[in-house]
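Written out below as structure tokens is the structure these notes cover.
The values are calculated or read from the model by the stated rules, or taken from the named source; none is laboratory data. Note that the structure is a prediction, hence the values are computed from the model and not measured. Cβ placement follows ideal geometry from the backbone for every residue including glycine, while neighbour counts extend to all protein chains displayed. Surface accessibility is based on the protein's heavy atoms, side chains included, excluding ligands, DNA and RNA. Shrake-Rupley method; radii C 1.70, N 1.55, O 1.52, S 1.80 Å.
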Amino acid sequence: MGTLARSHETNFLVSDFKACNVGIDHCVYLEDKQTPSSVIIVNSQNGSRTIVHSSRNLPEVTCEEFLRANILNGPYQWIHFEGRPNSPDIQKMLLEIDKHNRVHAKDECITSSVELEKCRPEFAQLLDKADYVFVSKEFAMMYKFSSKEEAVNGFNDQLRAGSVVICAWGETGAVAKVKDQPTVCSPSFPPSKVVDTLGAGDTFNAATIVSLTSGASLQDAITFGCKVAGAKCGISGFGGLEKYQEEICSNQ
């Protein structure tokens, strides 16, 4: 779910989402707004990227729009949020999921997760609001943590009971920790040649969540996430990533 401006770029975005099998039924279309745009410069030597972004005037999804979409009564077992400038609304939406879960049977409950990537101090209020918290290297370094292990142990006390913190740290892999439990870790799985790292973090998050929803252990889930993220770094964009699925899954 997100917001879309009714501008000349919208047709392209809608067709691209459709081609990638991304559902946008719950998106909010807004009049008199402009679509954000980015220019991405990829280093052909090492796959690193520089992003020049123009956010323009498109607002983020509000909690009221989230509730009007009736997502909580839809066929969803997991809802993931990306930390955005609308963190007060994200907090409200996460609390609405908790409210839903308190009055529904276990098999009707919704698992929640949130990614804290950008260095925004206000994201700290979200650390104890989700079942799974994905923290980036940059967010962790804002708190002076110098490794993924330091990060998950450092954030442990800010988690709610039973929740999980996960931190991917580039070429060193990823680590995860259930609150007050031992950590589990995975190495990275770099491609033979790094082509494009844009979206590797999102790929890790998505693959980890998919693995967890299929019943994998936390250890196996982050390992799967690292494998898929590594494969993504070896190709340009995301098209063609599916060809790695059989190989990756066979090693799961």
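Give the average over all directions of the projected area of the C-alpha convex hull of region 154-252, one decimal, in nm².
Working: hull surface 25.8 nm².
One quarter of the hull surface, i.e. the mean projection, equals 6.4 nm².
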Task: Cα-based radius of gyration of region 54-118 once divided by 2.2 N^0.38 Å, which approximates compact folds - done: 1.19
TODO: Keeping the other protein chains in place, figure out the carbon and sulfur percent of the accessible area of the chain, with a 1.4 Å probe.
DONE: 52 percent
Task: Of VAL178, VAL210, VAL103, the one that fluctuates the most in a GNM where the chain has Cα springs shorter than 10 Å - done: VAL103
Task: the chain: calculated mean residue ellipticity at 222 nm from DSSP helix runs of at least 4, using -39500 (n - 2.57) - done: -9500 deg cm²/dmol
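Counting heavy atoms of the protein chains only and a 1.4 Å probe, report the per residue accessible area for region 155-252 as a whole number of Å². Let's see the in-between values first.
Working: 4620 Å² over 98 residues.
Averaged over the residues of region 155-252, the accessible area is 47 Å².
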Task: Highest-first arrangement of 17-30, 134-147, 195-208, 73-86, where packing means the average Cβ count within 10 Å - done: 195-208, 134-147, 73-86, 17-30
Task: Paired Rg and Dmax values of the chain, which use every Cα atom, in angstrom - done: 18.3, 54
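When the expected Rg is taken as 2.2 N^0.38 Å, what fraction or multiple of it is the alpha-carbon Rg of region 11-60?
Working: Rg = 14.3 Å, N = 50, 2.2 N^0.38 = 9.7 Å.
Region 11-60 yields a ratio of 1.47.
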Open item on the list: Considering just Cα atoms, how many Å³ per residue does the convex hull of region 94-169 enclose?
Closed with: 84 Å³
- [ ] Determine the order of LEU159, LEU13 by accessible area, beginning with the largest, at a probe radius of 1.4 Å.
- [x] LEU13, LEU159
Open item on the list: Given points 7 Å out from each Cα along the Cα-Cβ axis, report the GLN158 to LYS99 separation in nanometres with one decimal.
Closed with: 2.5 nm
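Let me know the whole percent of all Cα-Cα pairs from region 1-141 that are separated by more than 18 Å.
Details: 6425 of 9870 pairs.
Roughly 65 percent, rounded to a whole number.
Taking the solvent-accessible surface of protein heavy atoms with a 1.4 Å probe, what is the per residue accessible area of region 14-103 in Å²? Don't jump to the answer; show the numbers that get you there.
On the way: 5890 Å² over 90 residues.
Heavy-atom SASA per residue in region 14-103 reads 65 Å².
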Task: Reachable lysines, given that their alpha-carbon falls under 20 Å from the alpha-carbon of LYS177 and they are not under 8 places away in the same chain - done: LYS129, LYS137, LYS144, LYS148, LYS227
Task: Eligible aspartates and glutamates near LYS243 by straight Cα distance, threshold 20 Å, same-chain separation 8 or greater - done: ASP16, ASP196, ASP202
